[in-house]
Amino acid sequence: MADPTQDAASDPWFRTTSPERAIHSCSTAFYPHRLTLLGPSNGFGLSQRVTQVGPVAVGDITYQTDVALGFEEPRASYHICVPLTGWLESRHRGQHLTSSPAMGSIYRPDAEMTATRWPGGSRQLAVKIDQVAVNRALETLVGTPVDSPIPFDAALSLKAGAAQSWVRLLLAMQRQLDSADSVIRHALVSDPLVESLIHGLLLVADHPYRDASRRCGSP
């Protein structure tokens, strides 16, 4: 018979009905922030699974009631929001954004990032990638110094096959890292994977260096 204590210890999910514990967990994994309940407090709940490899952290996050989140600035990372189900309303650099499974969002590290409404039950893939790692990768591709931060377009279309492939790569990495004996935990595998994830973002997102990045290699 399986040891229930061992099963609980190996569960990659963090679950809580306490707003205070939710704030602490998300601040530890991502950024300090303010949490505002927009729905009934007795219905609050958070389910979160966060995995990290090198400069990339991926969180699979669902709140059980509507919330708003306000994040500190500046941050040291680019942040990408990919709704898997549901939607998200946010504000960034004076823009009001609505993210959905067809349209994600990219937030620069030097500007406001506020989730004005995260509906209860909406499952979001939150991706944090270190700013220095992304900038250095782009400099290597285009062969010239890159001003920081990279002026990514805030809207990230997820309809194209390349963007969908990038999201599947993120999800596959997270599933693999749930296993303690996964080969991805070895630097010989994880380092090229991290490079692929960063290069993938530079290829699927809109920014002034996108065409130059694409010319640096062929499929």
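Every read-out reported here was derived from the displayed coordinates using simple, explicitly stated rules and does not represent laboratory data. Please read all numbers here as calculations on a predicted model, not as lab measurements. A quick note on method: Cβ atoms are made from the backbone with ideal geometry, for glycine too, and the neighbour counts reach across all protein chains shown.
Using 0.36 nm per residue, how much length does the chain from H33 to E89 gain when fully extended, once their Cα-Cα distance is taken away? Numbers along the way, then the final one.
Numbers: separation 56, 0.36 × 56 = 20.16 nm, distance 1.64 nm.
Value of the extension gain: 18.5 nm.
Answer with one residue from H199, M113, S100: the one whose Cα lies farthest towards the positive end of the charge dipole of the chain, charges on Cβ with Lys, Arg +1 and Asp, Glu -1.
The residue sitting most towards the positive pole is S100.
Restricting to Cα pairs below 8 Å that are 6+ residues apart, what does the relative contact order work out to for the chain? Please round to a whole percent. Please report the intermediate quantities before stating the final value.
Values: 410 pairs, mean separation 39.7, N = 219.
Reported relative contact order: 18 percent.
What is the Cα centroid distance between the stretch 137-216 and the stretch 76-93, reported in whole angstrom?
Centre-to-centre distance over Cα atoms comes out at 16 Å.
Where is the GNM fluctuation largest for the chain (alpha-carbon springs, 10 angstrom cutoff): L158, L170, L38?
Result for the chain, Cα springs under 10 Å: L38 fluctuates most.
Set the Förster distance to 35 Å, then compute FRET efficiency between S100 and R185 from the Cβ-Cβ distance, nearest 0.05. All intermediate terms of the calculation are to be shown ahead of the outcome.
Details: r = 33 Å, r/R0 = 0.94.
In this case the efficiency is close to 0.60.
As a test, work out the antiparallel percent of DSSP beta bridges whose residues both lie in the chain, rounded to the nearest 5.
Numbers: 49 of 49 bridges.
For the chain, the DSSP antiparallel bridge percentage is about 100.
Set the Förster radius R0 to 35 Å, insert the Cβ-Cβ distance between A155 and D11 as r into 1/(1 + (r/R0)^6), and round the FRET efficiency to 0.05.
Values: r = 35 Å, r/R0 = 1.00.
According to the calculation, E is roughly 0.50.
So between A76 and S41, what do we pick up on full extension, going 0.36 nm a residue minus the alpha carbon distance?
Details: separation 35, 0.36 × 35 = 12.60 nm, distance 3.17 nm.
Stretched out fully, the A76 to S41 stretch lengthens by 9.4 nm.
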